[in-house]
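The values are calculated or read from the model by the stated rules, or taken from the named source; none is laboratory data. Note that the structure is a prediction, hence the values are computed from the model and not measured. Quick reminder, even Gly has a Cβ in these numbers, built from the backbone with ideal geometry, and neighbours come from all protein chains shown. To get the accessible areas, we keep the full protein, side chains included, count just its heavy atoms, and leave off ligands, DNA and RNA. Shrake-Rupley method; radii C 1.70, N 1.55, O 1.52, S 1.80 Å.
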Amino acid sequence: MNLLDGKIVSQAVKDRLKIQNEERLIQGKKAPHLAAILIGNNGASETYIGSKVKSCAEVGFKSTLIRLDESVTENELHFKINELNNDFDVDGILVQLPLPKHISEEKVIEAIFPTKDVDGFHPESVGRMVQGLPAFYPATPYGILLMLGHYNIETKGKHAVVIGRSNIVGRPISIMLNKNEYPGNCTVTVCHSHTPNLKEICLQADIIVAALGRPEFLKSDMVKEGAVVIDVGITRVPDSSKKSGFSIKGDVDFDQVAPKCSYITPVPGGVGPMTIAALLMNTFKACVAKD
Ligand code: GUN
């Protein structure tokens with residue numbers, strides 16, 4: 001069993017971006033600038049945004065964090081997004097999800113200019129990705145591709161089983177794994193809450209992407225010997241032995257499953273750090289596209 005170490009791979013991506021950014025600055029070009037909007041005070045969102053802002057600083061990118069109160073109106077939020085859309089210095093915009101219930105996620109995503117859509121959630125970005133055109137890929141599936149590529153994991157002709165069909169992970173990774181280039185060319189099966197024979201399907205998988213958000217869901221009797229297992233889960237479960245009062249659990253029962261795998265991502269330290277590396281890649285691309 002080999003670990004797919006997201007800390008090491010994300011650091012390699014960040015080191016590369018830092019150098020590429022320094023080269024830009026020497027040429028008198030601007031540093032990439034990410035603007036992030038955080039609404040309310042969801043603990044997990046605070047942590048994710050904190051890591052995104054910190055990672056920008058590590059690679060020499062500029063970042064602006066805009067905090068808005070939980071009670072912000074949809075109009076006020078759209079006004080802010082529009083300001084950022086029209087701010088030439090801002091290259092990438094992200095609005096951290098989930099949003100308060102009174103704000104439409106769909107309208108917010110569509111309000112961001114596709115040229116600044118570093119989350120890759122805008123329908124134009126998704127459409128371009130589906131058609132195999134240059135596009136911003138959503139950060140989590142993009143991070144998974146970067147990780148498969150870093151470890152030179154063979155994907156051509158493999159059967160990939162994706163558990164979950166969310167717009168953020170399951171659906172896009174299923175499309176990306178079957179595109180006609182590396183890492184890709186997989187035969188992909190997408191499973192979800194209405195899949196009756198999930199265990200049988202998982203047992204046929206060479207690659208499993210577990211992205212359903214149910215802690216320790218994937219057990220060893222669902223995994224073929226030698227499979228590659230990618231765990232996208234990051235659920236906070238109560239844990240009185242931790243100072244924070246919770247621990248982070250993936251969607252894979254790691255202790256059971258790991259001995260059967262050729263490669264597996266740990267949680268934490270697997271897909272999570274890769275998501276941030278991928279967001280930085282997108283922000284860099286958004287900036288370069290404006291040169
Ligand atoms: N919430 C959970 N994942 C993400 C993400 O990738 N981007 C944004 N904006 N919000 C999220």
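Structure above, values below:
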| read-out | value |
| --- | --- |
| For the range 76-198, alpha-carbon Rg and Dmax in angstrom | 16.3, 51 |
| Residue-span extension gain [His102 to His159] - 0.36 nm each, minus C-alpha spacing | 16.4 nm |
| Distance from the range 29-53 to the range 156-182 (C-alpha centre basis), Å | 27 Å |
| Sequence of Lys243, Lys156, Lys30, Lys285 from largest to smallest accessible area, 1.4 Å probe | Lys243, Lys156, Lys285, Lys30 |
| Carbon plus sulfur fraction of accessible area for the range 128-210, probe 1.4 Å, in percent | 49 percent |
| Carbon/sulfur fraction of accessible area - the range 48-102, other protein chains in place, 1.4 Å, % | 55 percent |
| Over the range 202-291, relative contact order from alpha-carbon pairs under 8 Å, at least 6 apart, % | 28 percent |
| For Asp239, solvent-accessible area (1.4 Å; no DNA, RNA or ligand), Å² | 40 Å² |
| Distance histogram for the range 128-207 (every C-alpha pair counted, 5 angstrom bins, percent rounded to whole numbers) | 3, 16, 26, 27, 18, 7, 3, 0 |
| Heavy-atom accessible area ranking, 1.4 Å probe, most first, across Tyr137, Tyr48, Tyr263 | Tyr48, Tyr263, Tyr137 |
| Sequence-separation-based contact order of the chain, relative, with Cα cut under 8 Å and 6+ spacing, percent | 22 percent |
| Euclidean distance of C-alpha centroids, the range 200-237 and the range 58-126, integer Å | 32 Å |
| Spin-label pair Glu83/Ala57, simplified geometry with 7 Å Cα→Cβ offset, distance in nm | 2.2 nm |
| Spacing of the two label points (7 Å from each Cα toward its C-beta) at Lys290 and Met1, in nm | 4.5 nm |
| Accessible carbon and sulfur surface of the range 234-274 relative to its total accessible area, %, 1.4 Å | 57 percent |
| Lys pairs, the range 96-233 - Cα-Cα below 17 angstrom, 8 or more residues apart or on other chains | 6 |
| Nearest-ten-degree value, helix 271-288 long axis tilted from longest Cα axis of the chain | 40 degrees |
| Potential extension, Phe246-His194 segment - 0.36 nm per residue separation minus Cα distance | 15.7 nm |
| Exposure of His150 as accessible area (Å², to 10), given a probe of 1.4 Å and all protein chains | 90 Å² |
| Å² per residue, accessible surface of the range 1-140 at 1.4 Å | 51 Å² |
| For the chain, alpha-carbon Rg relative to the globular expectation (2.2 N^0.38 Å, N residues) | 1.00 |
| Solvent exposure of the range 228-289 as accessible area per residue, Å², 1.4 Å probe | 40 Å² |
| Helix-only mean residue ellipticity at 222 nm for the chain, each DSSP H run of n ≥ 4 adding -39500 (n - 2.57), per residue, nearest 500 | -12000 deg cm²/dmol |
| Accessible area of Arg214 in the full protein assembly, 1.4 Å probe (Å², nearest 10) | 130 Å² |
